[in-house]
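Visitor: Mind looking over this structure? Questions follow.
The values are calculated or read from the model by the stated rules, or taken from the named source; none is laboratory data. Owing to the predicted nature of the structure, the values given are computational and were not obtained by experimental measurement. Positions of Cβ are generated from backbone atoms using ideal geometry, with glycine treated the same way; all protein chains shown enter the neighbour counts. Accessible surface areas use protein heavy atoms only, side chains included; no ligands, DNA or RNA. Shrake-Rupley method; radii C 1.70, N 1.55, O 1.52, S 1.80 Å.
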Amino acid sequence: MSFLSSFTSKKRIRAALRRLGQDPSAENYVAVAREHVVVGNLQDILRVCSEGLSLHPGNAELMRIAERARQLQLDSRIRTLKQDLSLSPRPALWRELCDVLLECGRLQQAEETAEEWWSQSGGGEATYYRARARALQFFNGFRSTDGKVAWDLALEAVREMPGDTRPLEIQYDIAKACGAWADARKVLADILEISPGHPQHEQRFRDASQRVHDSKSLRAGLAEVEATGRLTDSPESAGSQSNVAIRPLLKRMGADKDVKAVIFQRGGTALVQGLHGGTADRTTRAVREVGVAARSSARRTGVGRPVEVLIEGSFGSLMIALGNSGTAACWSQTYMNPEHAESLQSITGATVPSKGALA
């Protein structure tokens, strides 16, 4: 940045800060953050966004800018770590690079990095990170093969790292997620041998012991997760969100003159606004089939876990949100209202990754 550009940017930042001092609104915090974006100081961007979000929690634009700044900060750290590893590969750098990649959600790249680490020097720590990366892919995409590979890698890490509970905790998470309570209890017994008296693990052991009579085999549990696209311990399985709380939101969306139908599904329950009788039943079944097909296609192609489907045509637009708490759909006769899209994501617990540049 030239001297003149830098001077102008600093002047604009000072002006934006004065406006913020007079009125600490969310809009003025966003304005200051955007001025820092121009300069490119990630620390200042994060500081302003953090301060703004403490006063205006949940502000979408501040959250978007902060998330993008964090991603750029992590990208910079990844480049530095790769350069350092090319000069002097050592466990501490491999470990940090894997951690940063996992934090960024780059699960495939994290696994590849751990495999490179393992191929160069071996060892339980590299095996553990291979297992951790593959386990996160299982929790993200629900593919049974990912869960089985993660389990086997964690078992290998257990043999290579006696006295370390981390690979055992991966196995516990997988067993719990697919309802293999007998396996979960066995793993917890091994953890308690290493960490006797640990209150959280003891409570988990008691919970698993109470559910052993409902236990599936690990193989059957993994297959069921892949077939249903749902973890045994997910909010959708537990039915945590009340239908009573959802109905008012569906009614508000359905009151929009452009909205033809709003649907929410969880398990065998379906709430419908705008349609009645056979039409409501057919539309609900069609929405369910689209959701199942989307999840199945994503698993087969290995692209991850779908959270949103948008279909547009002469009929208008149909958006389907696929989340942990259920499936929700809105059929609009025109383009999809962004507020309705956010409501669908809120109802289902679907999270759409942020996209785009900082400003």
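Visitor: Specify which of the listed residues (ALA135, ALA182) is farther than 30 Å from ARG70 by Cα, assigned to a helix (DSSP H, G or I) and touching a helix residue (DSSP H, G or I) at 6+ places or on another chain (Cβ under 6 Å).
Guide: ALA182
Visitor: Look at GLY58 and say whether it is of a type outside the set (Lys, Arg) and without any contact (Cβ under 8 Å) to a residue 12 or more places away in the chain.
Guide: Here the answer is yes, as GLY58 does meet what is asked.
Visitor: Let me ask you something else. Of these, ASP183, ASP173, ASP190, which one is within 28 Å of the chain's Cα centre (by Cα), open to solvent by less than 60 Å² (accessible area, probe 1.4 Å) and either under 18 Å from ARG132 (Cβ atoms) or modelled with pLDDT of 95 or more (or both)?
Guide: Just a single option satisfies the conditions, and that option is ASP183.
Visitor: Mind checking whether some residue in region 32-44 is farther than 27 Å from GLU160 by Cβ, touching a Phe, Trp or Tyr at 6+ places or on another chain (Cβ under 9 Å) and open to solvent by less than 70 Å² (accessible area, probe 1.4 Å)?
Guide: no
Visitor: Looking at region 75-106 only, could you name the residues that are open to solvent by 30 Å² or more (accessible area, probe 1.4 Å) and hydrophobic (A, V, I, L, M, F, W, C)?
Guide: LEU87, ALA92
Visitor: Restricted to region 111-141, and to residues that are acidic (Asp, Glu) and touching a residue at least 12 places away in the same chain (Cβ under 8 Å), which residue is surrounded by the most Cβ atoms within 10 Å (Cβ to Cβ)?
Guide: GLU111
Visitor: Check TRP117, TRP94, TRP151 and return the single one that is assigned to a helix (DSSP H, G or I), aromatic (Phe, Trp, Tyr) and within 23 Å of THR301 (Cα to Cα).
Guide: Being assigned to a helix (DSSP H, G or I), aromatic (Phe, Trp, Tyr) and within 23 Å of THR301 (Cα to Cα) holds for just one of TRP117, TRP94, TRP151, which is TRP151.
Visitor: While we're on this one: Scanning region 256-299 for residues that are modelled with pLDDT under 85 and β-branched (Val, Ile, Thr), which turns out farthest from ILE347 (Cα to Cα)?
Guide: VAL292
Visitor: Yes or no: ASP146 assigned to a helix (DSSP H, G or I), more than 17 Å from LEU97 (Cβ to Cβ) and open to solvent by 40 Å² or more (accessible area, probe 1.4 Å)?
Guide: Answer is no for this residue.
Visitor: Taking region 277-331 as the region of interest, how many residues are assigned to a strand (DSSP E or B) and among the β-branched types (Val, Ile, Thr)?
Guide: Total satisfying the criteria: 4.
Visitor: Got a number for residues in region 278-293 being among the hydroxyl-bearing types (Ser, Thr, Tyr) and surrounded by fewer than 16 Cβ atoms within 10 Å (Cβ to Cβ)?
Guide: Within region 278-293, residues that are among the hydroxyl-bearing types (Ser, Thr, Tyr) and surrounded by fewer than 16 Cβ atoms within 10 Å (Cβ to Cβ) number 1.
Visitor: Would you call LEU17 in contact (Cβ under 8 Å) with a residue 24 or more places away in the chain and surrounded by fewer than 16 Cβ atoms within 10 Å (Cβ to Cβ)?
Guide: Spelling it out, it is not the case that LEU17 is in contact (Cβ under 8 Å) with a residue 24 or more places away in the chain and surrounded by fewer than 16 Cβ atoms within 10 Å (Cβ to Cβ).
Visitor: Of all the residues that make up region 217-234, how many are open to solvent by 60 Å² or more (accessible area, probe 1.4 Å), assigned to a loop (DSSP other than H, G, I, E, B) and under 20 Å from LYS186 (Cβ atoms)?
Guide: The qualifying residues number 2.
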